[in-house]
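> Below is one structure. I have some questions about it.
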Amino acid sequence: MNIHEYQAKALFEKFGVPAPKGAAAKSAAEFDAALASLPEGATMVKSQIHAGGRGKGTFTNGFKGGVKFCPTKAEAKEKAAAMLGNTLVTVQTGPAGRKVQTVYFTAASDIKKEYYLAILLDRVTSRPVIVASTEGGVEIEKVAHDSPEKIHKVIVDPAFGLADFQVRELIFALGLTGAEAKNAAKLIRNLYTMFWETDAAMVEVNPLITTPTGEVLALDAKVSFDDNALFRHPELVALRDLNEEDPKEIEAAKASLSYIALDGNIACLVNGAGLAMSTMDIIKYFGGSPANFLDVGGGASKEQVVAAFKIILGDPNVKGIFVNIFGGIMDCNVIALGIVEAVKEVGLKLPLVVRLEGNNVVAGKATLAQSGLALVNGDTMADAAQKIVKLVA
């Protein structure tokens, strides 16, 4: 689960991670109060969407830049009005962009130097890793590609926690001394505490800055949490912005289905993540394009299958459906009953290819045969994939 920058900055404040003072506004009527809470002087205006590249983005109304430096509060108010309610397109949003429903005002900072700092899970060691670089303010992927020697990593033993010598190692790698080193050390320790106690998947600060007076501040904040741990953090669940998520994925989550929307036109309904990946691969192999990843799991109910069909049919890009089931724990007849029930409820005008194999497959095929549905049976996974690709061509 992702959260907005202004929400992440509130968490930073709670855990003692210094950042410029800021205030969010969700409507033009809130601009004056938000700006009044900030010190006089230059102000930053930041569009709040769950995507990177905001500063270089362009709004569909022609306004350029989702992050603006404004010498005065009056100008900040003007720029915020151009952002709020409009759609921002960045390298991460895709051409459809994201509608800006919140703007964040922050006091502008006097920057001496920019750095990069992030904490995330290292999947090789299954431990937290702190990534630091002197090349802040730019895409870390570009730094990793062009100047890998400028990226420093520290693996943290979760049983022991962040050690003092590791903090010193990071400070040395960033080249900080004196007051800057002391302040950065405190920030790093507090940031790790936040990462650990909130079950975060990633905490990224880009840029982390030093000021001429020796302060070390988190100028930006990108935070995401492990969905599997959210049951322990109702206060974090409350931060979820459903406007930033695909409505189909929200409905799938309510039905306990694993669903990810893609940009193809062949919908997939599969049991098991591995089979789902293979199904998408074989569709591509035969020249088709998958419209989604949809795993109903090993023990889906008829109701879940109906919910899955409704989600699939709610995607206007879908031109055909491929149901690929290999029953182990999953009962093929439950899938068949769900398909029949779904078609009765919502109707079906799209090509449907079904391949069933495994547990109770005879009963499942009999249910489909007796239903009178206009569907095509696939004898094998490859046969079914070729048939659905041909039908939507």
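The values are calculated or read from the model by the stated rules, or taken from the named source; none is laboratory data. Note that the structure is a prediction, hence the values are computed from the model and not measured. With ideal geometry, Cβ positions are generated from the backbone for all residues, glycine too; neighbour counts draw on all protein chains shown.
This table checks each residue for (1) in contact with a His (Cβ under 7 Å, 6 or more places away or on another chain); (2) surrounded by fewer than 17 Cβ atoms within 10 Å (Cβ to Cβ); (3) closer than 25 Å to Pro316 by Cβ.
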| site | (1), (2), (3) |
| --- | --- |
| Ala336 | no, no, no |
| Glu345 | no, yes, yes |
| Pro351 | no, no, yes |
| Thr367 | no, no, no |
| Gln370 | no, yes, no |
| Ala374 | no, yes, yes |
| Ala382 | no, yes, no |
| Lys387 | no, no, yes |
| Ala393 | no, yes, yes |
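> Out of the residues in region 272-288 that are part of a loop (DSSP other than H, G, I, E, B) and over 23 Å from the mean Cα position of the chain (by Cα), which is nearest to Ala252 (Cα to Cα)?
Among them, the one singled out is Gly288.
> Here is a further query. Please indicate, with yes or no, whether at least one residue in region 238-247 is farther than 19 Å from Thr367 by Cα and buried (at least 19 other Cβ atoms within 10 Å of the Cβ).
For region 238-247, residues farther than 19 Å from Thr367 by Cα and buried (at least 19 other Cβ atoms within 10 Å of the Cβ): absent.
> Exactly one of these conditions fails for Pro207: (1) surrounded by 13 or more Cβ atoms within 10 Å (Cβ to Cβ); (2) without any contact (Cβ under 8 Å) to a residue 40 or more places away in the chain; (3) more than 14 Å from Leu121 (Cα to Cα). Give me its number.
Among (1) surrounded by 13 or more Cβ atoms within 10 Å (Cβ to Cβ); (2) without any contact (Cβ under 8 Å) to a residue 40 or more places away in the chain; (3) more than 14 Å from Leu121 (Cα to Cα), the lone unmet condition for Pro207 is (2).
> At pLDDT 90 or above, among the aliphatic types (A, V, I, L, M) and either closer than 20 Å to Lys248 by Cα or outside the structural domain of Ile260 (by TED's automatic domain parsing) (or both) - does that describe any residue in region 328-348?
Checking region 328-348: not a single residue is at pLDDT 90 or above, among the aliphatic types (A, V, I, L, M) and either closer than 20 Å to Lys248 by Cα or outside the structural domain of Ile260 (by TED's automatic domain parsing) (or both).
> Also: Being over 12 Å from Tyr104 (Cα atoms), surrounded by 14 or more Cβ atoms within 10 Å (Cβ to Cβ) and of a type in the set (Gly, Ala, Ser) is the filter here, so list the residues in region 11-35 that pass it.
Correct list: Ala19 only.
> Any residue in region 50-62 that is touching a Leu at 6+ places or on another chain (Cβ under 9 Å), of a type in the set (Ser, Thr, Tyr), surrounded by fewer than 14 Cβ atoms within 10 Å (Cβ to Cβ) and farther than 29 Å from Thr198 by Cβ?
The answer is yes; a qualifying residue exists.
> Inside region 129-158, can you point out the residues that are surrounded by 16 or more Cβ atoms within 10 Å (Cβ to Cβ), in contact with an Asp or Glu (Cβ under 7 Å, 6 or more places away or on another chain) and in a strand (DSSP E or B)?
Val129, Val154
> Cβ-Cβ distance below 7 Å, separation of 6 or more or different chains: which pairs start in region 289-310 with a residue that is in a helix (DSSP H, G or I) and surrounded by fewer than 18 Cβ atoms within 10 Å (Cβ to Cβ) and end on one that is of a type in the set (Val, Ile, Thr) and at pLDDT below 80?
Close Cβ pairs satisfying both conditions: Lys310/Val346.
> Yes or no: Gly53 modelled with pLDDT under 95 and under 19 Å from the mean Cα position of the chain (by Cα)?
So Gly53 fits the description; yes.
> Given (1) surrounded by 22 or more Cβ atoms within 10 Å (Cβ to Cβ); (2) not in a strand (DSSP E or B), where does Ala267 come up short, assuming only one miss?
Every listed condition holds for Ala267 apart from (2).
> Only residues that are within 14 Å of the chain's Cα centre (by Cα), outside any helix (DSSP H, G or I) and of a type in the set (Asp, Glu): list them for region 216-239, please.
Asp226 - this is the single residue of region 216-239 that is within 14 Å of the chain's Cα centre (by Cα), outside any helix (DSSP H, G or I) and of a type in the set (Asp, Glu).
> Out of Val362, Val318, report the one residue that is outside any helix (DSSP H, G or I), of a type outside the set (Phe, Trp, Tyr) and either surrounded by fewer than 21 Cβ atoms within 10 Å (Cβ to Cβ) or on the phi > 0 side of the Ramachandran plot (or both).
So the residue among Val362, Val318 that is outside any helix (DSSP H, G or I), of a type outside the set (Phe, Trp, Tyr) and either surrounded by fewer than 21 Cβ atoms within 10 Å (Cβ to Cβ) or on the phi > 0 side of the Ramachandran plot (or both) is Val318.
> Name the single residue, out of those in region 164-212 being in a loop (DSSP other than H, G, I, E, B) and touching an Asp or Glu at 6+ places or on another chain (Cβ under 8 Å), that is nearest to Asn228 (Cα to Cα).
The residue in question is Asp199.
> Being touching a residue at least 60 places away in the same chain (Cβ under 8 Å) and in contact with a Gly (Cβ under 7 Å, 6 or more places away or on another chain) is true for just one of Thr87, Thr106. Which residue is that?
Selected residue: Thr106, the only one of Thr87, Thr106 that is touching a residue at least 60 places away in the same chain (Cβ under 8 Å) and in contact with a Gly (Cβ under 7 Å, 6 or more places away or on another chain).
> While we're here: Output yes when any residue across region 167-184 is in contact (Cβ under 8 Å) with a residue 60 or more places away in the chain and not β-branched (Val, Ile, Thr), and no when none is.
Yes: region 167-184 contains one or more residues that are in contact (Cβ under 8 Å) with a residue 60 or more places away in the chain and not β-branched (Val, Ile, Thr).
> Now a separate question. Please enumerate the residues belonging to region 90-121 that are more than 18 Å from the chain's Cα centre (by Cα) and in a strand (DSSP E or B).
Result: Val103, Tyr104, Phe105, Thr106, Ala107, Lys113, Glu114, Tyr115, Tyr116, Leu117.
> Could you list all residues from region 210-260 that are β-branched (Val, Ile, Thr) and farther than 24 Å from Phe105 by Cβ?
Val237, Ile250, Ile260
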